[in-house]
Each structure stands twice: as structure tokens, then as C-alpha cells.
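In what follows, a single structure is set out as C-alpha cells and then discussed.
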Protein chains: 2
Amino acid sequence: ERYLVKTQAEYFAAAEAVKAGDSIVLADGVWDDFEIVLSAKGTVNAPIHLTAQTPGAVKITGQSNLRIGGEFIVVKGLVFTDGFSPTGEVISFRRSKTDLANNSRVTEIVIDGFSKPDRYETDYWVGMYGKNNRFDHSFLAGKTNKGVTFAVRLDSPESQENGHRIDHNYFGHRPVLGSNGGETLRVGTSKYSMFNSNTVIANNYFERTDGEVEIISIKAGANIVRGNVFDASRGALTLRHGDGNIIERNVFFGRGKDHTGGIRVINGDQTVRDNYMEGLRGNGFSSALTVMNGVPNSPVNRYVQVSNARIDRNTILDSRRITLGAGADEERSAPPVDSTFSRNLLSSSGAGTFIEVDADISGIEFSDNRLLSGKVHSALAALMPVNTELARADNGLLYPVDPELFDVGVPRDLDPVSREATGPAWYPKPDGQTAFGSGKVIAVAPGEGTIEAALKRATSGDTLHLAAGDYIVNKTIFLDFPLTISGANGAVVNFARPSLFEMAEGGSLRLHNLTISGRDAPDNVGNSVVRTTSSPIRGNFVIELDQVAVTDLTVNRNFDVIVIGKSAFADAVTIKNSAFNDVTGVVVKANAETEDYGQYGIEYTTITGSAFSNIGKSIANIYRGGRDESTFGPHFTLSSSSLSGVGGKDAPALVLHGAQITEIDQNSIAASGPIKIVHTVGAPSTVISNNVLDSADGIVVEELNYSGDPRAVMRGNIIPKGAKQ
Amino acid sequence: ERYLVKTQAEYFAAAEAVKAGDSIVLADGVWDDFEIVLSAKGTVNAPIHLTAQTPGAVKITGQSNLRIGGEFIVVKGLVFTDGFSPTGEVISFRRSKTDLANNSRVTEIVIDGFSKPDRYETDYWVGMYGKNNRFDHSFLAGKTNKGVTFAVRLDSPESQENGHRIDHNYFGHRPVLGSNGGETLRVGTSKYSMFNSNTVIANNYFERTDGEVEIISIKAGANIVRGNVFDASRGALTLRHGDGNIIERNVFFGRGKDHTGGIRVINGDQTVRDNYMEGLRGNGFSSALTVMNGVPNSPVNRYVQVSNARIDRNTILDSRRITLGAGADEERSAPPVDSTFSRNLLSSSGAGTFIEVDADISGIEFSDNRLLSGKVHSALAALMPVNTELARADNGLLYPVDPELFDVGVPRDLDPVSREATGPAWYPKPDGQTAFGSGKVIAVAPGEGTIEAALKRATSGDTLHLAAGDYIVNKTIFLDFPLTISGANGAVVNFARPSLFEMAEGGSLRLHNLTISGRDAPDNVGNSVVRTTSSPIRGNFVIELDQVAVTDLTVNRNFDVIVIGKSAFADAVTIKNSAFNDVTGVVVKANAETEDYGQYGIEYTTITGSAFSNIGKSIANIYRGGRDESTFGPHFTLSSSSLSGVGGKDAPALVLHGAQITEIDQNSIAASGPIKIVHTVGAPSTVISNNVLDSADGIVVEELNYSGDPRAVMRGNIIPKGAKQ
Ligand SMILES: [Ca+2]
Ligand SMILES: [Ca+2]
């Protein structure tokens, strides 16, 4: 029977009635707050279908989700958008703890931005339970909250050795989360990692899946990851737990983007063959290839020693790093054993070390590899260099033209899945975001209220151009689209509310060639020029100040320039060629995530060519607490800038707590508090170079969880005699 | 002409056209997002009217406000509700910085709950500028965000010596703000306090205006505050700055409520006569009567010495405290001079000191006062005791029956304004809130999803009654109404999300006779049983646990029981007769307001008759940072409870930072971390009594801004030898 249903009541009546071979068809339209449950028994020849009347024309919105139980069910063609799941999953292959789905298929599903409002509230978009299920040709993009996008669960025997297939899906943009929990796909958990999963992950396209350090996290045995493409995606495919996985014929295009990684090998019996990497810029645990050191007799949640790894016929070109014996330390003292590394084709992206060796690698047998370029560790001095041209083949991949190298690197028949072949054909894949300045220009005249009036006409990407003169803004400008405000010389903006701008969902801000004065702000503690709204913001945003003068932020204490509040995340805060005078607070304040859960507020903070004078607190206060190692950031750069009268004896001129990558170069710092840098976890990279300071205690670097000397690189700084360096 | 307008466009056309004698009438209905501007010139005989078609039937909602400029304008009958102002004021007696209103009247206006969503975002509901304006017969209740409800501004000569009248208004419930900025009415600011305001504040009714320590803050000279009633309102009428104010014939009914104060006198030439106080429980700066010590040659924002104060014929009955020379310290060393205190009638509420003298009071001449009861400081031993019956007169006030005392205390003709005579007659004044258990009882059977299903039928005040058995809850319960969940013996609630309950706007929660287990919660850092939603919550709420057992909160780190997040405020969190076992986090966590702006999360935290064992962090962590002294709380009580294995060496069993009133009595504390109490500002009252501890370092009291010994009262505690006491 075919049930065409138009209401939730009709749906639930049909769901009660369906028998093998029946179909339920959801009528085209918007289904709001719809918690779909389908538990029924189809048969191999007569499955039960739940479909859209027209694929793509059935929108499930609001607080909605889908749970299926029973067997031989096929769900097809639904679009989840404009909402989020009220439970822990959007699509669940179980109705309840005891009613799992088996032999079922979910196909041509869209989950688009269906994220919980609070980025730190965890859920899965797909939870796969049971056995012999398939999830394919679906579109999953825009997950902004914590929790892996797609989880294969092995938490009961009924879900182990499951034979699931996950194929031809489009995993689209997953923005940087700024916390652990940003993985795109995970199989198993450490608790069940001794079990085999037997899951096949094939021919999926991962595009800009940048959530955290792991794109795919394999935590169970006997999986096959084959034929997937990773395009401009930060992080790595990680064989975190479980043995006997096969990783083959995958393609990684880093496209020169920061932190693009490849494959990380841990545990026994892993096969990594015929994979292609190009343009990767990751290092450390996110190298193009990382082979970890293990922990002797490792507990289940630590690092099992690599043994019997087969790493063969991979092509790694124009990439920054390969790391062997990675993470070697007192605890991780067991190097790889009984392993091979053969017929790989290798070339580096630059001048730094290309192949790093951090432990004894005598347990890896190297044979027939070819090195096109790159510095290698002395332990690998015998690696065979080769000089051959590369040519791009029809499959889009580079191969050596030298016929002798025919069987080095990936095979010629590698055929990466195309972006078009993934996801449902009827749902368009997104391009990039609206850029600043892509819209119209609105001319604004000086006066009280003229900016607010102009904003009523502005839309995404527009620019307000302010004529010279004085402006008074009586409202906080609520920014939910990308906006540029640019001034003629002599444009001065005054504001009468505690904040001039409030960043909200969808907002980004670029200010150019303006003066902003806090003269008219109310006598209130904690004013600011730009802040985030006090509700959580799902999407990441950008703030840019270029040639901006900020003055007179003095009416009360803690008058800041830019404040990133809780549950908000900026991809970048960039300040260049700007000047800040007379500020009682902090210039860039991103220390709201105080719980030490490894969360933070800004991925890249960049200050360059700017001058700071008479600043009450710091020019920046960036806090990323806790010991979690799942994030690449925060990054911080301060260069070619001058600080005078910033902070004081008990007020550091700059506070970086838990920044991962820091560069402080060519600044002059006078009559100011110290620069205070605290290293918390991981292997932070801090370079402080070519600065001129007037204080002997100008720079303080502290290690919280590392017992050696502080690991900052200090060079070329001019500091008065007696300075701590 | 009479313009009846139905749309905003029609309104603005009319506002453009109006001439003296014209009226604009807003059609009945809802006007959403309406920023009303009216600047026009009426005359004394032909004013311009802006009115409602039917008073009370014109609702201004959304992001709306009203600005008037010009002169002889009358605005009448509008209701502002379901929204908030997009600017710094809801009603402004100026159109712009240069276009002020004069000789204008705003009458029979309602502003009901028209508060900004974030409680810490500041605004005024009424900003009065210009001269000779009147605001009367209006209703202002439910302001939940920061910023004085009604501000008379003196920030330019055009607004000084203004002759404004503010009369017959109903100032209704202003909940405890938990921060500075909760005043109900303010005249002037310290910056302009040398100017006279000449404002009359008469016959207004203040009911439960509990925002902070000041109800009315007078910060300018020559005002008259006459005939107002303060009913069950925390805080005091404060003559903070400015000379020559007259405070007369006001009535204060404390009704025995905490922190109900009277009048605080600072500066020169103040008259405080014929005021009636009864049932006040404030002390310190919120005594029934407080006469401050001043700072010699005080800067404008500190305390000018009291001189020539006339404090005569006031009645102060059944009240806790009168304080003379209050705040005397090294800085405030100038005692009151040239002042009189005569014919006052005085009686105390209890056994403590009634009249406290903290400085030399030889500058106050005492004459013909009568003391009915109460302990007085020895400097006032000569105060004349008297023994007379009191009888309540027709005006509702108590008078001595002894005819000899006819001219002691307030005159017989004092006629307090009635609640009914204030506000617009057509708008009802609210009663109390829905109480727990006032609604229906819904029976719930054990199982997965049964609680969620029952909640769909629950409304304000209802009770879910759980039969014995196991429950699984798969959603976070979003609480936007008061709810009780009560169990039969043996009811066990498990939950599968990071939180079981999320407090939201309008929610309060009472749990009774239940077990709550975290066994099924996800493996996620920072889970909790009850948390506040991550958006700000306007309204204050209550959480009660009575006979609740909480267990198995162990799946990950920082699994807390109750977490109060940012921009949320609980009037009370009460835990009694409950048990907490195996918790990795904190039981009551209210340390989210980290900016040190004097903000905090819970007014009264009370734990009694409860047992705590194996708690990873503290039983409570309450943080109220900063040096602001505008709040009465936080209050904290721990009594008749046992702690075993709570916290540890580096994890205090209890953290109180900036609590104002603390009582820790009759507890046993073993194998636990220390109790850590930090005093920040003011005169915190900390009493630690009759506890049994097993650790010598069990209690640590620290002073942050006070140089003497820690001010905790410690008595009757049994602590091992060598303990710090
Ligand atoms: Ca992770
Ligand atoms: Ca105050």
C-alpha cells in the first residue's frame, strides 16, 4: 500500500499500519517540529519505504529528528533544515535502546545547518546502530555545534561486526569548532575498540571539514576506508583505536591550507596503501603521514604500539611533513615494529624538515621509496632521491613521467570520486560565503541617527561609506550579515550605547579608515566597541579593522574594543594599520570560556602595523584552558606594532593562555606591563623575535604542564640588561 | 485637528503636521517595532495630545520607544509591553541631544516587563530632561535588566532647576538584579550634584522594588520627596549627593522582609521629617534611618559630611536598626554636625542593637525623642524611654495612645497614598507569582519517554507525580514555567542528554522525593542535572530539591548538579534532606560571572539536612567578584549537613567568593578539601559555628580588600588540634 500523508497525525497512523512492501510518502511542504519514528519489519524483497513526494521538496524543520527500528526500511529524499534535533541525534538507526534498525538504508537525505543553537551543546547528526545498514548519497554540511557529525556506534553486541556501508555522501563545510568534538566521522569509541566494526566508508567527499584535528576517527577494528576525497580539510584521518583497518585509494587535496593533514597510524595491522596526498600543510600529529609511538601495554584509551603496519604505494607531494615515531616521550616509548614503508613517492612543500623522525624506526622496513625533494631526518638518509618531472593525469593526480617509477606511488587507475557523484543530485552544493564589499555602496552623511537609517537599507556584503564629519549612533548595531563601514578621511563615529556593534548569527564586520570615539557612551562598566550578542552564535565570523583609530574609551572601567563572549567563535580577528588611544579595558578580549574544557573564542588573532597607547589592560587577552589537544588554535600574531603605556605592573600588556601558535615579531614595547604567555598543552609554537623592549621583565613565558624549560623561541630581541630571556 | 492614525506611516505624517491644539490618536491595536517620535510646539492653552483611541487598548510591542521634544505636549494611555527599547530609554523627554521637551506631561502610561533580554544590558525606562515636565499616574513594573527605572537627568543647564513633578505612579516589582544598577528612581548623577534639581516626587507607590540597595537615589539638590509609600521594598531612599532636599510624609512598610530600609542621609541641609517606618529589617547602610559619616573635603563622587540635618517627628517602629555615623573609617572621618534629631518615636524589632552609633555624634542635638523598646548604644543612653500602647489609626499607621505623646512621631494627618490611587485606573496591578503545586497533578508511569510525554500536558504550577520505577529521559527538559516533579518511593530518573533540565524564561523547578542518576548521560565534559539556558534569562527563578538523591554523575569530568550560567539569576536555590553521591563536578555552581563587575548568580543558596559523599569538586562554588557595594547578596547557608570525600587537597569542599551573608552551622565535614571563604567588599557577615571537622586546615577565610584580621565569627567548632581558627 502507498500512504500519502499530509499531517503528522496521518503519518503516525500510517507508521502504525505499514506492512512489508508498503510505502509512506510525505507530502511536499514544510513539516515543522516533526519527530519521525518508524519501526517496522520489511523483508529483503519487500522493504518498507519512507520517502518524499518529491525528493528535496519535503522540508523537516524546527525541533525534529528521525528514528528507525526494525528491518528492511528505506528512507529517502528528506531535507532537514532550519532547526535542530531535540534529542542527541538527528537521524538514529534505532528507535530506542532495544529496538535497533538492521538491513536498512537511508539515502538521499539532506542535513543542512541543522545545528543546536549553542555550539558547545553536543549531538550527532547521524547515529548508526544495528547491522548491515547503509547511509549513502546524502548531504551533511554546516554542523556548527559540538559532537561528531556521523557516529557509528558499537555499544552493544547487536551493533558490532556490523557490515555497514557509508558511501557517496557529501560531507560539506564543518567550520572550526574551537573545542574537542568537531570530528566529521567516527567509528566506535575507545571503550569498544577491541571489537571489529567491519564498516566500509567509501567514495565520500569531505570538503572543508575543518572541525578539529580529526576528520575521521577510527576507534574499532577491521574497517575499510576507500576511495574518499578530502578537499581543503583541516585535520587527519586517524586510526585512533582498533586493529586491522584498511585505508586505501583515498585522495587528500590540501590546497596549501593550514593544518591540512593526511593519515595518522596507531595500533596493529593497519594497511595504508594507494593513497594520494597533495598540498598538505599539517605537521605534528596532522602530518601527511604520521606514524605514532605507542605506550607499552597501553590502556584502552591511550596509544597502542604500531605493529605490522603496511604503508605502501602512497603518493605524498608538495606536503609539509611526514612524522615517524610521533609523540615519543616517556610514556609513549614503544616505537613502530614489524612494519613496512615501501614504494611511496614523496616530495616536500618547502625548506623545513620534510620527514621527521622522533623515535627509533628500525622496526620499519623501508624499500623502493622515492624522494623528489625535501629535507629528511638523518635516520632516513638512505631514502632514494629521484629527479623526475611530474605530469597531471586525466584523473587529476600527479604521476612521475619517468616510466621506471610506474609502480612507485599510487596506481594509475586510482579514480577519485567526483564532488558531483556524492550527495543527492537534486541538492546544490554551496560555494563560499559572501565576502566583504561584494554588495552595493551606501553613502552616509554625518549626523545623529544617519548610520542607523542607512543600515535599514543594507544587506549582505554591502558597504556604508561615511562622508567626513561627526556621527552619533544611538542604538547598538545588531550585525547579522557581513558589513563593511568605510570612511572618508575625517569620519568620526560616536556611540551612545554600551556597545556600538553586536555580532550575531550571520554577521561579520570590516571597518576601514574611520575614527571611533567612546565619548558619548554611557557611564557603565564593561562597555565595548564590538561585542558578541549574549545568546550563542552558531556560525563563525570575522572582524577586521584596517586604518581605524579608536579613542576615548574612558567613561568607566573595562571599556574594551572587541569582546568575544561565550559560545561565539571568530575565525579571525584582524587589526592592521590602526591606532588605539585612551582605552580603560582590553583591545581584543577573548577570555570568556573559563571552564577549562579546551574551548576558546578566536582562531586567528592578527595585529600588525598598529599603535597602542594608554591602554588600561591588555592589547589582547586570549584564553584557551584545559588539557584537551583537539584544536589547532588559537593562533596569535603581533607584528610591526608599537605599545606605549599598555597595562602596568600588575596588568600584562598581552595575555596568551593556551595559544598554540604565537608569533611576536618586530614590535616596540615601552612603559607597559609584561607580555605573559602561558603554555598549557601539546607542543605550542611560540616565536618572539626582533622586538625592542624597555623592561627587563618584558616577556614572561610559563609552562603549565611541561616540566622542561619554557619552549618559546626567543631571538633578536633588544631588551635592557638584566632582562629575563 | 484630531488625527486618528492606523499605521506608522499615518502617524509620522500626522506628527509632521500637528499644530498647537491638535491631537494624534493611535488606533486601538498592537503597534509593533514602533519608534514614536513627537517634536512639536503646543501652547499652555492649546497643548498637543498624543493619546490612545481607548486607554489601555493601544499596545506598543517589539523594539519600540517614545521620544518627545518641543513643548506643551501631552502623551496619554499607551501600554509598552512584550518588547524592549532599541535605544537607551523607553520614554525620553528629548528627541535628540538638542531638542528637549519642556512643559510637557506623560500620563497614564504602562511600561510592563519591557526589559532588555540581557539583564546586564543597561537602559532607563524613563529619561526625564528639560524643564517643568510631569510624569504621573503611570505603571512601571517588571524591569529585570540593569539601569535605573526612572532617571531625572541634569546633564545640561536646560535640564537643571527643572521643576519636574513625578507623582501618583505605581512602581511595581523590580526583582533583585544581582548587580549595581537596580535603582528604581534616580535624580541627577555625582557629576552634576552641585546643581539643584527642584524636582518633586510625590504620592508614588513603590511595591517590591527590590533591585538593589538604593530604591531612590537623590544625586542633586533641592528636591522634595513627599507622601510616597514603600511597600515590602528592599533597600533605602538615599540622599547620595546634593544638598537641601526635603523628605517628608513618606511611609515605609517593611513587612518583616530582609533588607527593607528607610532613609539614608548624606550631605548638607537635608530635612527628614514626618516619615513613618514599620517592620523594616535592613541594617548597615539600609537601616530604617542611616546618618553617614563623611569624607573631609570630599570629592564629588564620595561622601559629603552631614551638616544641618533636620531629622524630626519620624516614627520608626518594629525595625531592626538605626545607624548614626555609619561608614566611619579612616577615609570617612567627618561626623555629622549642626544637626537635630527630635521628637522621633522609636521601637525595635528584636534583641540586637537597635540604635548603633559608629562615630562621634556630638554634632547631633537630640531632643524629645521617645524610645519604646530596643537596645541603644551607650552614647545615646539618655534617650528617653517610654511605655505606651500603640493603636492603629484609620490611616493604617500606629500612634501612641498616650495623649502626652501627641506631637512625637508622625502627625495624625499623614495620609499615605493608596495603591489604587497610583498608576492608570484601567491597568490591573499584579499579585504574586504562580506557586509550585498550584496546578494539576499528572500521574506518570515508568519507561522511556514517559516524562517528556507528560510534560506536553503540563502548564504553570503543575506537578508530575512519578510512580515507582525507572525512567529514561532522552531530551533536555526546557522549563519555561514553574514545575514540580514528585516521586513515589523508588522513582528513579535517568537522562541521556548532557542536562536533564534547562531553566529558561519563566521557569522554576521543584524536585521532591526522587532519585536522579547520571548513568545514561553522554560521555561529555560538563554535563549537569540542571542548568540555565545559554541565552540570557530576564526573570529570576527558584530551584528546590527536597528529599532528592543524586547519583552516578561520573561519566566524564565536571558533571555538576546545578549550574547557573551567565546572565541568569536565581532568587533561591534550596536543597534540603537530600543526598549526593559520586559526582565529578560541583553540586551548586554559580561562578559564571567572572568579570568582577559585582554580578552573581544566586541570591539565597540554602543547603540543609543533606549528605554529600564522593564529590569531585565543591558542594557549592559561588562567585561574586568586584568591589561594587550595591547588592545585599549573595547569601549562603549550610546547616545540619554532612560532607565526606568532597573535593580534596587542591579542591575546596566549598568556595564562597564575595558572599555577603554566610552561615555555616552544625555540619560534619570529613576527608574533604577545605572550606574556602573570600571576603571582597563591604561588611560581610560570616558565622561558622558548631561544626565538626577532621582537618586542621578545614576552614580558610581570606580578606581581599580589608587589612584587619579575617572578619568571620567562629564559635563552637570542633576541629583537630593545630587547626587554624
Ligand atoms: Ca577529538
Ligand atoms: Ca547603585
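Take the residues in region A:193-208 that are assigned to a loop (DSSP other than H, G, I, E, B) and more than 30 Å from A:A570 (Cα to Cα); name whichever of them is nearest to ligand 2 (Cβ to nearest atom). This residue is A:S193.
Taken over region A:333-348, residues that are closer than 24 Å to A:E404 by Cα and not aromatic (F, W, Y) amount to 8.
Basic (K, R), in contact (Cβ under 8 Å) with a residue 12 or more places away in the chain and buried (at least 21 other Cβ atoms within 10 Å of the Cβ): does that describe A:R711? So A:R711 does not fit the description; no. Every condition in (1) closer than 27 Å to A:Y597 by Cβ; (2) within 28 Å of the chain's Cα centre (by Cα); (3) crowded, with 22+ Cβ neighbours inside 10 Å is met by B:P482 except one, and the failing one is (1).
Output yes when any residue across region B:183-191 is within 14 Å of another protein chain (Cβ to nearest Cβ), in a strand (DSSP E or B) and either within 16 Å of ligand 2 (Cβ to nearest atom) or surrounded by fewer than 24 Cβ atoms within 10 Å (Cβ to Cβ) (or both), and no when none is. Yes, region B:183-191 contains at least one residue that is within 14 Å of another protein chain (Cβ to nearest Cβ), in a strand (DSSP E or B) and either within 16 Å of ligand 2 (Cβ to nearest atom) or surrounded by fewer than 24 Cβ atoms within 10 Å (Cβ to Cβ) (or both).
Count of region A:359-400 residues, restricted to those that are in contact with a strand residue (DSSP E or B) (Cβ under 8 Å, 6 or more places away or on another chain) and surrounded by 14 or more Cβ atoms within 10 Å (Cβ to Cβ), is 25. The numbered conditions (1) in contact (Cβ under 8 Å) with a residue 60 or more places away in the chain; (2) within 10 Å of the chain's Cα centre (by Cα); (3) within 14 Å of chain A (Cβ to nearest Cβ) are all true for B:V176 except (3). Among the residues of region A:418-453, which ones are among the aliphatic types (A, V, I, L, M) and either under 13 Å from A:G172 (Cα atoms) or touching a Phe, Trp or Tyr at 6+ places or on another chain (Cβ under 7 Å) (or both)? Hit for region A:418-453 is A:I451, nothing else.
Looking at region A:509-623, the strands (runs of 3 or more DSSP E) lying wholly inside it that each contain 3 or more residues that are within 12 Å of another protein chain (Cβ to nearest Cβ) and modelled with pLDDT of 95 or more sit at A:528-532. One residue stands out in region B:89-115 among those that are outside any strand (DSSP E or B) and surrounded by fewer than 22 Cβ atoms within 10 Å (Cβ to Cβ): the one that is farthest from the other protein chains (Cβ to nearest Cβ), namely B:N103. Which of (1) surrounded by fewer than 16 Cβ atoms within 10 Å (Cβ to Cβ); (2) among the aliphatic types (A, V, I, L, M); (3) under 30 Å from A:S307 (Cβ atoms) does A:V441 not meet, given it meets every other one? If we test A:V441 against (1) surrounded by fewer than 16 Cβ atoms within 10 Å (Cβ to Cβ); (2) among the aliphatic types (A, V, I, L, M); (3) under 30 Å from A:S307 (Cβ atoms), just (3) comes out false. Taking the numbered list (1) within 14 Å of chain B (Cβ to nearest Cβ); (2) within 16 Å of ligand 1 (Cβ to nearest atom) in turn, A:G633 passes all entries but (1).
Scanning region B:648-669 for residues that are modelled with pLDDT of 95 or more and among the small types (G, A, S) yields B:A653, B:G658, B:A659, B:S668. Given B:D431, B:D402, which one is under 29 Å from the mean Cα position of the chain (by Cα) and not small (G, A, S)? After applying the criteria, what remains is B:D431. Meeting the requirement of 3 or more residues that are crowded, with 24+ Cβ neighbours inside 10 Å, the strands (runs of 3 or more DSSP E) wholly within region B:660-701 are B:675-679.
Residues of region A:69-88 that are in a loop (DSSP other than H, G, I, E, B) and either at the interface with chain B (Cβ under 10 Å from one of its Cβ atoms) or within 17 Å of A:N169 (Cβ to Cβ) (or both): A:G77, A:L78, A:S85, A:P86, A:T87, A:G88.
Just to be sure before I move on: is B:K219 at pLDDT 95 or above and either within 14 Å of another protein chain (Cβ to nearest Cβ) or within 16 Å of ligand 1 (Cβ to nearest atom) (or both) in the structure I sent? Talk me through it step by step, then tell me what you get.
On the way: at pLDDT 95 or above: yes; either within 14 Å of another protein chain (Cβ to nearest Cβ) or within 16 Å of ligand 1 (Cβ to nearest atom) (or both): yes.
When the stated conditions are applied, B:K219 passes them.
Suppose the filter is farther than 27 Å from A:V90 by Cβ, surrounded by fewer than 20 Cβ atoms within 10 Å (Cβ to Cβ) and small (G, A, S); does B:G487 pass it? Considered against the rule, which asks whether it is farther than 27 Å from A:V90 by Cβ, surrounded by fewer than 20 Cβ atoms within 10 Å (Cβ to Cβ) and small (G, A, S), B:G487 comes out as no. Within region B:368-394, residues that are touching a residue at least 40 places away in the same chain (Cβ under 8 Å) and among the acidic types (D, E) sit with their Cβ atoms under 8 Å from residues that are surrounded by 13 or more Cβ atoms within 10 Å (Cβ to Cβ) and not in a loop (DSSP other than H, G, I, E, B), at 6+ positions apart or across chains, in these pairs: B:D368/B:S342. A Cβ distance below 9 Å, combined with a sequence gap of six or more or placement on separate chains, defines the contacts here; from region A:185-213, residues that are of a type in the set (F, W, Y) reach residues that are assigned to a loop (DSSP other than H, G, I, E, B) and within 14 Å of ligand 1 (Cβ to nearest atom) in the pairs A:F195/A:G188; A:F206/A:T184.
Listed by first and then second residue, the pairs with beta-carbon distance under 7 Å, at least 6 apart or on different chains, first residue in region A:116-128 and facing chain B (nearest Cβ under 10 Å) and within 30 Å of A:S104 (Cβ to Cβ), second assigned to a strand (DSSP E or B) and among the acidic types (D, E), are A:D123/A:E89; A:Y124/A:E89. Checking each residue in region A:153-173 for being small (G, A, S) and either within 15 Å of ligand 1 (Cβ to nearest atom) or within 14 Å of chain B (Cβ to nearest Cβ) (or both) picks out only A:S156. A:V493 - would you say it is within 17 Å of A:Q547 (Cβ to Cβ) and surrounded by 20 or more Cβ atoms within 10 Å (Cβ to Cβ)? Yes; evaluated as a whole, the condition is true for this residue.
Okay, residues lined up against (1) buried (at least 18 other Cβ atoms within 10 Å of the Cβ); (2) part of a helix (DSSP H, G or I); (3) touching a His at 6+ places or on another chain (Cβ under 8 Å); (4) not assigned by TED's automatic domain parsing to the domain that holds B:P400:
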position: B:I263; (1), (2), (3), (4): yes, no, no, no
position: B:M277; (1), (2), (3), (4): yes, no, no, no
position: B:V291; (1), (2), (3), (4): yes, no, no, no
position: B:N297; (1), (2), (3), (4): no, no, no, no
position: B:V300; (1), (2), (3), (4): no, no, yes, no
position: B:G325; (1), (2), (3), (4): yes, no, no, no
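The values are calculated or read from the model by the stated rules, or taken from the named source; none is laboratory data. This one's a predicted model, so the numbers in the text were calculated from it and none came from an experiment. Virtual Cβ from ideal backbone geometry, glycine too; neighbours counted across all protein chains shown.
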